[in-house]
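Novice: Can you keep this structure in mind? I'll have questions shortly.
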Amino acid sequence: MLNNNRRRVSLGLGFGLMLIAMTAPLYMNAYYQSFLLQLFMMVALAQAWNLISGMTGYVSFGHTAFFGVGAYAGALLLLAGFPWWLAVFKGAGIALLLAVPLGFLTLRLRGPYFAIAMLGLNEVGRIIATLWVDLTRGGDGISLAPKLLPSLHSNYFSMLFLALSATLLVAFIHRRRFGLELRAIREDEEAAEMVGVNTTVNKVMAFMLSALIPGAAGAVYAMYTSYIDPSSVFAPALNIQMIVMVLFGGTGTVWGPILGAGIVMFLREMLWAQFPAAHLAALGVLLLIVVLYLPGGIISLFRARQQRARPDARTGAAP
Amino acid sequence: MKRQSLLSVLFSLVLAFIIFPAVSQAKEIVVGASAALTGKYARNGQDQLDGFNMWVEEVNARGGLLGEKVRLVHYDDESTPATGQKLYEKLITDDKVDLLIGPYSSDVAMAASTVAEKYNFPMVSSGASATEIWTRGYKNIFGLYTPGSTYMEQVLEYAKSKGLKRVALIYQNTAFPRDVANGVRAKAKALKMDLVFDEEYGKDSTDFTSTTIKIKSKKAEVVIGASYLPDSTAFVRQAKENHLYAKIFAFAVGPALPDFGANLGLDAEGIMGNTHWEPTLNIPGAKDFAQRYTKKYGREPGYHAAGGYGAGQVLEAAVKKANSIDKDKLRQALTELDTVTAFGRYKVDSNGMQIGKPGYTVQWINGVRQLILPAKDATAKPVYPFKDWSKR
């Protein structure tokens, strides 16, 4: 009964947000669309990170590696004359393919070792993009001319689509056996293996899915900003943002990353013009408070309330 | 329930802010710009912004543009291309500014100029000099700075005249330093000098220990760094620590700034650099500008500040020439304009790249930044060769 209720609230809220997002270009100017586009990007990235790190507990500090690969693939394919949507697909595909061997290699490592390996992976990506000048133009970066670029609307809806599919993917997995198995790995990998969970396959599958989204997001990002260079797409700071947003909202949940990305992006937007630099410090303090006092993220506020409400609901229904 | 309704009220408030932007104010001409106020270009960005602000104040004292008051809207681009991109989108579509001034640094300008091009909005750029910005066929970006690829030509010619042959080149891996480096390679080849060392370093590196040792082993006579302020300062410190000696040391950006001498003290002595502008130059209005600037901000202007001020003057001249702020008329005016500001001559080619303004070379001599090349503008004779670190 309660579960159904929650599901209905979730669906209603999701539907409402989608309606706003779908109609926003009708009444919002380009800047606010740009803002929402970046919000969608962060939701998509945070969900992707949530998929591997939130669910399996394998904390990745290098998901921007896939973002960077997608961005470079997207930009180069666009320059090579591919239509933008095909470039995005291929960017995502390349990230996905790359995740297979990398997943098998890195997911043998546990805890901090995996985190460091992923951080290293991102650095490797950045260095390759810097040194492979013939392909990537190195530190000059790649500048895409306006006539090549898809319109803001196309980029907007692409990012919206990515945020939506990332969220649905997490929601879908959450309810399946696959999701349960991933969470079992997070709680106790040996025990999960004992009861017959194929941990390697599960982890690599989750890793691949979580690489696909940043790959696509990177390609759309390149087409949106029009200029990329190695340090702007293989950016550890972007990875930190994904982590912050997930922690902020609630790790391993469906709504957590959306909530986290939403709150952080809105706060940033309201503060940054007035307080350059200081807004980052303010966000840091806020995050510290959330992590210390709400280890389950902002979403646990809603959870706690519902749990408190449970006995009342029962007695209310009993007579 | 209560909390839910509170949340929904909050949510609607946020939405309302988005849907109804602030009411516009009285008639005025709004100039938009982004400035690097935080991040690695913060020092130069602030100087440039001070230059813009001074122009705005003065143009208003003169009665404004086309009889209307001028107001500057600016935001911090955090020295990153992505933020700059977002800000120019905001300036054009949300703030609906009338005129645009470009951001500091070539990489941010690369992104910002694409936004301007997308909206077909002419932008006067002070603070960007990578040649590539003007080779993309854009119609809306007009530069004040001499292209980066020409930066080191005078230094190399001077070195050649002293019979030096062995050149070491280091450069940061971003757009502008790479452009400078390309210029060095081409010029060294043309002068038949040997490039004995050629290495790129990371955007945020400040550790050059291994680089200095490698250059030492190559016995370079001329050391050239295509750099900004933090990296050139760090390199000089470490060159001294590791006893790297050459007859000429020259760096982009850093040595042209007062901070370079202030940070390095005696170690700055004899180091050469490029500049776009010096207060001593024989340009109408330059000395006067320097005096007013020093009075207002309590420090001497470097070329970034003068460039910011000059960008304002170029806009002013173009608006006057076009007698309008219409984008098409303004673009044409900016293309045809040939004028002299406190920053120097402004004349661009059909792509908007600066061709009217020469570059200059400076050297730190007795704690003062002196202009040494070209000879006709020089305030001091070059000190040669470089005095060894231990003999100062």
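Novice: Could you grab me the full set of residues in segment B:295-332 that are out of contact with any strand residue (DSSP E or B) (no Cβ under 9 Å at 6 or more places or on another chain) and either within 15 Å of B:F52 (Cα to Cα) or surrounded by 24 or more Cβ atoms within 10 Å (Cβ to Cβ) (or both)?
Specialist: Residues satisfying the conditions are B:K296, B:Y297, B:P301, B:H304, B:A305, B:G307.
A quick yes/no check of all residues on (1) charged (D, E, K, R); (2) within 15 Å of A:H63 (Cα to Cα); (3) away from every other protein chain (no Cβ under 14 Å); (4) over 13 Å from the mean Cα position of the chain (by Cα):
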site: A:T167; (1), (2), (3), (4): no, no, yes, no
site: A:V170; (1), (2), (3), (4): no, no, yes, no
site: A:H174; (1), (2), (3), (4): no, no, yes, yes
site: A:T199; (1), (2), (3), (4): no, no, yes, yes
site: A:D229; (1), (2), (3), (4): yes, no, no, yes
site: A:M242; (1), (2), (3), (4): no, yes, yes, no
site: A:T251; (1), (2), (3), (4): no, no, yes, no
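Novice: Kindly provide the set of residues from segment B:138-168 that are assigned to a loop (DSSP other than H, G, I, E, B) and in contact (Cβ under 8 Å) with a residue 24 or more places away in the chain, ordered by number. Full working, then the answer.
Specialist: Step one: of segment B:138-168, the residues assigned to a loop (DSSP other than H, G, I, E, B) are B:138-140, B:144-147, B:151-152, B:162-165.
Answer for segment B:138-168, where residues must be assigned to a loop (DSSP other than H, G, I, E, B) and in contact (Cβ under 8 Å) with a residue 24 or more places away in the chain: B:Y138, B:K139, B:N140, B:L144, B:Y145, B:T146, B:P147, B:Y151, B:M152, B:K162, B:L164, B:K165.
Novice: Quick one: A:Y224 ticks every box in (1) within 14 Å of chain B (Cβ to nearest Cβ); (2) surrounded by fewer than 24 Cβ atoms within 10 Å (Cβ to Cβ) bar one, so which box is it?
Specialist: (2)
Novice: Which one of these is touching a strand residue (DSSP E or B) at 6+ places or on another chain (Cβ under 7 Å), within 13 Å of chain A (Cβ to nearest Cβ) and of a type in the set (D, E, K, R): B:R185, B:R178, B:R166? So that I can check it myself, show each step before the final result.
Specialist: Details: B:R185 fails: within 13 Å of chain A (Cβ to nearest Cβ); B:R166 fails: within 13 Å of chain A (Cβ to nearest Cβ).
Of the residues listed, the single one that is touching a strand residue (DSSP E or B) at 6+ places or on another chain (Cβ under 7 Å), within 13 Å of chain A (Cβ to nearest Cβ) and of a type in the set (D, E, K, R) is B:R178.
Yes/no matrix, rows are residues, columns are (1) within 14 Å of chain A (Cβ to nearest Cβ); (2) at pLDDT 95 or above; (3) buried (at least 24 other Cβ atoms within 10 Å of the Cβ); (4) in a loop (DSSP other than H, G, I, E, B):
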| site | (1), (2), (3), (4) |
| --- | --- |
| B:Y88 | yes, no, yes, no |
| B:L91 | yes, no, yes, no |
| B:D95 | yes, no, no, yes |
| B:M110 | yes, no, yes, no |
| B:S113 | yes, no, yes, no |
| B:E132 | yes, no, no, no |
| B:R136 | yes, no, no, yes |
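Novice: Right, something else. Taking the options A:L76, A:L86, A:L26, name whichever one is closer than 30 Å to B:K118 by Cα, in contact with a strand residue (DSSP E or B) (Cβ under 8 Å, 6 or more places away or on another chain) and of a type outside the set (G, A, S). So that I can check it myself, show each step before the final result.
Specialist: Values: A:L86 fails: in contact with a strand residue (DSSP E or B) (Cβ under 8 Å, 6 or more places away or on another chain); A:L26 fails: in contact with a strand residue (DSSP E or B) (Cβ under 8 Å, 6 or more places away or on another chain).
Sole residue among the options that is closer than 30 Å to B:K118 by Cα, in contact with a strand residue (DSSP E or B) (Cβ under 8 Å, 6 or more places away or on another chain) and of a type outside the set (G, A, S): A:L76.
Novice: Counting just the residues of segment A:253-275 that are part of a helix (DSSP H, G or I) and under 14 Å from A:W49 (Cβ atoms), which one comes out farthest from the other protein chains (Cβ to nearest Cβ)? Spell out the reasoning first.
Specialist: Taking segment A:253-275 first, the residues part of a helix (DSSP H, G or I) are A:256-272.
Okay, now just the ones that are also under 14 Å from A:W49 (Cβ atoms), so A:256-258, A:260-261, A:264.
Details: A:G256: 16, A:P257: 18, A:I258: 13, A:G260: 16, A:A261: 14, A:V264: 14 Å.
Residue satisfying both the conditions and the ranking: A:P257.
Novice: Now for a different question. Of (1) under 30 Å from A:I185 (Cα atoms); (2) in a helix (DSSP H, G or I); (3) in contact with a Phe, Trp or Tyr (Cβ under 8 Å, 6 or more places away or on another chain), A:L96 satisfies all except one. Which?
Specialist: (3)
Novice: Continuing with this model, one more query. Step by step: first the residues of segment A:25-52, then only those that are over 27 Å from A:L209 (Cβ atoms) and touching a residue at least 60 places away in the same chain (Cβ under 8 Å), then the one that is farthest from the other protein chains (Cβ to nearest Cβ). Which residue is that?
Specialist: A:P25
Novice: Scan A:A184, A:A211, A:A222 and give me the residue that is part of a helix (DSSP H, G or I) and under 21 Å from A:I116 (Cα atoms). Break it down into steps so the answer makes sense when it comes.
Specialist: Numbers: A:A184 fails: under 21 Å from A:I116 (Cα atoms); A:A222 fails: under 21 Å from A:I116 (Cα atoms).
Answer to the selection: A:A211.
Novice: Any chance you could count how many residues in segment A:119-148 are touching a residue at least 40 places away in the same chain (Cβ under 8 Å), aliphatic (A, V, I, L, M) and within 16 Å of A:G70 (Cβ to Cβ)?
Specialist: 6
The values are calculated or read from the model by the stated rules, or taken from the named source; none is laboratory data. Given the structure is predicted, the values throughout are model-derived calculations rather than measurements. Every residue, glycine as well, gets a Cβ built from its backbone with ideal geometry; the counts of neighbours run over all protein chains shown.
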